[in-house]
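Colleague: So that we are looking at the same thing, I have put the structure below in structure tokens.
The values are calculated or read from the model by the stated rules, or taken from the named source; none is laboratory data. Only a predicted model underlies this, so the values are computations on that prediction, with no experimental measurement involved. Don't worry about glycine lacking a Cβ; one is built from the backbone with ideal geometry, like all the others, and counts go over all protein chains shown. Side chains included, ligands, DNA and RNA excluded: accessible areas come from the protein's heavy atoms. Shrake-Rupley method; radii C 1.70, N 1.55, O 1.52, S 1.80 Å.
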Amino acid sequence: MILGASEPSEPSEPSESSDVEQPEVRAAVGAVRGRREAGVAVFRGIPFAEAPVGALRFAAPRPVRGWDGVRPALAYGPPPPQGGALGMAELARGAVGDDWLTVNVWSPDPGPGAGLAVMVWIQGGAYTVGMSGLPEYDGARLARDGGVVVVTFNYRVGFEGFGLIEGAPANRGLLDQIAALTWVRDNIRAFGGDPDRVTVFGQSAGGGSVAALSAMPRAAGLFGRAVAQSVQGTFFTPELAADVAASCAAELGMRATMAELYEVEPELLAAAGDAVAAGITRWAGRWGRAAHGATPFAPVVDGDWLPATPWRALADGFGRDVPLLVGHTRDEQRLLTVLDGLLGEVTEDQAATALDVFGPERDAARRYRAGYPHASPEELYELVRSDRLFRMPSLHLAEARIAGGGRAHVYELTWSAPGMGGVLGACHGLDVPLVFGNLDRGQPALLFGGGPTAEAEALSAHMRAAWTAFAKDGDPGWPAYEPQSRTTRVFAAEPTIAVYPEEASRRIWAGEPMSALSMVAG
């Protein structure tokens, strides 16, 4: 998840033009010229699909046409249209051009013979915001220290990427991700990567995307390993997605059809989504739990592109040969509580509502109060929302992979962020700077207070080593999770191996299906 608006990185112009400082790569689509930074070769803003505008508006991504000559790859491509959450729309407003679908590559050894493992990142942002050019996603340290090729990319978000429009394919944001992975398969060897050793990794909505891709037949074979961090467990049925899209279009006095929305400015569609999100509780009688958050977009289990939820597909054995590394933070909800202005303010009534809305279908309040007998209203509020939105979707994804005959490794991050006096704990999003090693840049730097400590740097090194080891050979450094032993890596100040720590929540949610959200009956 993006913690807040932070300026995209804009690399300075190189001071010299030697082959060393400006490496060139001849990929299948054409030649590109990058630059050397922090000990790796970096190539930014390479198109992987045609701009999804004009005749391609709301279409599945079309592979980019090749080019002659050498294309400069020195700056990030323009981000896709953004919702207003966390100031992202304002941040994107000055971007020039509509080549939203671009990739960025960091390589320690850019050449076709290097054969390095490849890690392809999918950023989060509640399927509503997100851009690959934020400084926290700079892949230099992960690539250099881990000896891997790191790829990041933009994909369509909000209504452009996930609004269900009559006459358009569903899940266009996921289709963009498949197109980016296809580009990696076809081009990454020229950058030093091995197309047969690709790991996809993502967090929050990016983790939900990894889960979705793991269940999509059209993504099969594009990656051999998957890392899902804080899996966002929200998926929609077509009926719910259509009703949400209709409400967004109605903000503009239109219907959610290609014919009516085709020429609407993307910024207006994003604003319509923001308007629905701002008053989303109005639809609680129709949308149920989907109306108790500010995220009106999610992957759609449409029966075609996404035939089933990831939990169902993996349990049925789909993609069982793709090992999974999956986990979550201990205090997932805490950051969201702070952003909502509720820290220290949660009432008994708010806790009871959260238990009713976000808890398991059966007897949620009693089960949580029995499982956590000493929890305060705020603790219950945060526990049930953490469990429903991130923790249990992550754990159940591991259990589904194992049930389907595959292998999964589970972790929990329990180290508390020292920023803001430590009130955020091991919050949602803390894992992102730790995995990338970017502890001093972008909005996530606020999590580390006055600057990263030696303890934070050491923990980051542990996590980077685990992620890159998994990408290289499928072993992150601890045993696979099993239903009996429940072996889990706990990333604390001193990482340990333990039985899955959130036993009370695991028991509460045992056997609960992770189903797509649907319209409220009646």
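Colleague: When the solvent-accessible surface of protein heavy atoms is calculated with a 1.4 angstrom probe, in what order do 481, 372 fall, highest first?
Modeller: 372, 481
Colleague: What number comes out for accessible area per residue over segment 345-436 if the probe is 1.4 Å? Units Å², please.
Modeller: 34 Å²
Colleague: Which value, in Å² and to the nearest 10, is the accessible area of residue 267 when all protein chains are kept and the probe is 1.4 Å?
Modeller: 110 Å²
Colleague: Now a separate question. Note down, for the chain, the three equivalent ellipsoid semi-axes (square root of 5 times each alpha carbon gyration tensor eigenvalue), biggest first, whole angstrom.
Modeller: 33, 28, 22
Colleague: Given a 1.4 angstrom probe, I'd like the percentage of the accessible area of segment 120-216 that is carbon and sulfur, rounded to a whole number.
Modeller: Here carbon and sulfur together make up 44 percent of the probe-accessible area.
Colleague: Kindly report the accessible area of segment 61-120 per residue (heavy atoms of protein chains, probe 1.4 Å, no ligands, DNA or RNA), in Å².
Modeller: The answer is 43 Å² per residue.
Colleague: Additional query: Taking the Cα centre as origin and putting +1 on Lys and Arg beta-carbons and -1 on Asp and Glu beta-carbons, what dipole magnitude results for the chain, to the nearest 20 debye?
Modeller: 1080 debye
Colleague: What's the center-to-center distance, using Cα atoms, between segment 456-485 and segment 96-120 in Å?
Modeller: 23 Å
Colleague: Determine the distance separating the Cα centre of segment 403-450 from the Cα centre of segment 315-364; give it in Å without decimals.
Modeller: 16 Å
Colleague: What do you get when you divide the Cα radius of gyration of segment 215-319 by 2.2 N^0.38 Å, with N the number of residues?
Modeller: Computed over Cα atoms of segment 215-319, the ratio equals 1.24.
Colleague: Whole number in Å², please: accessible area per residue of segment 184-302, 1.4 Å probe, ligands, DNA and RNA not counted.
Modeller: In whole numbers, segment 184-302 has 33 Å² accessible per residue.
Colleague: Considering only 257, 135, 444, whose Cα is most displaced toward the positive end of the charge dipole of the chain, charges sitting on Cβ of Lys, Arg (+1) and Asp, Glu (-1)?
Modeller: Sorting the options by dipole projection puts first 257.
Colleague: Projecting each Cα onto the charge dipole of segment 304-456 (Lys/Arg +1, Asp/Glu -1 at the beta carbon, about the Cα centre), which of 422, 346, 327 comes out farthest on the positive side?
Modeller: 327
Colleague: With a ≥ b ≥ c taken as the square roots of the eigenvalues of the C-alpha gyration tensor of segment 386-480, please select rounded if a/c is under 1.5 and otherwise prolate if a/b is larger than b/c or oblate if it is not?
Modeller: Here segment 386-480 falls in the oblate category.
Colleague: Filter the trypsin sites (Lys or Arg not before Pro) in segment 82-148 down to the DSSP loop ones having no more than 13 other Cβ atoms within 10 Å, then list what survives.
Modeller: Answer in residue order: 93.
Colleague: For residue 355, tell me the accessible area in Å² from a 1.4 Å probe, rounded to the nearest 10.
Modeller: 0 Å²
Colleague: Roughly what % of DSSP beta bridges within the chain run antiparallel, to the nearest 5?
Modeller: Taking every DSSP beta bridge with both residues in the chain, the antiparallel ones total about 40 percent.
Colleague: Regarding segment 332-457, what whole-number volume in Å³ per residue does the convex hull of its Cα atoms give?
Modeller: It is 131 Å³ per residue.
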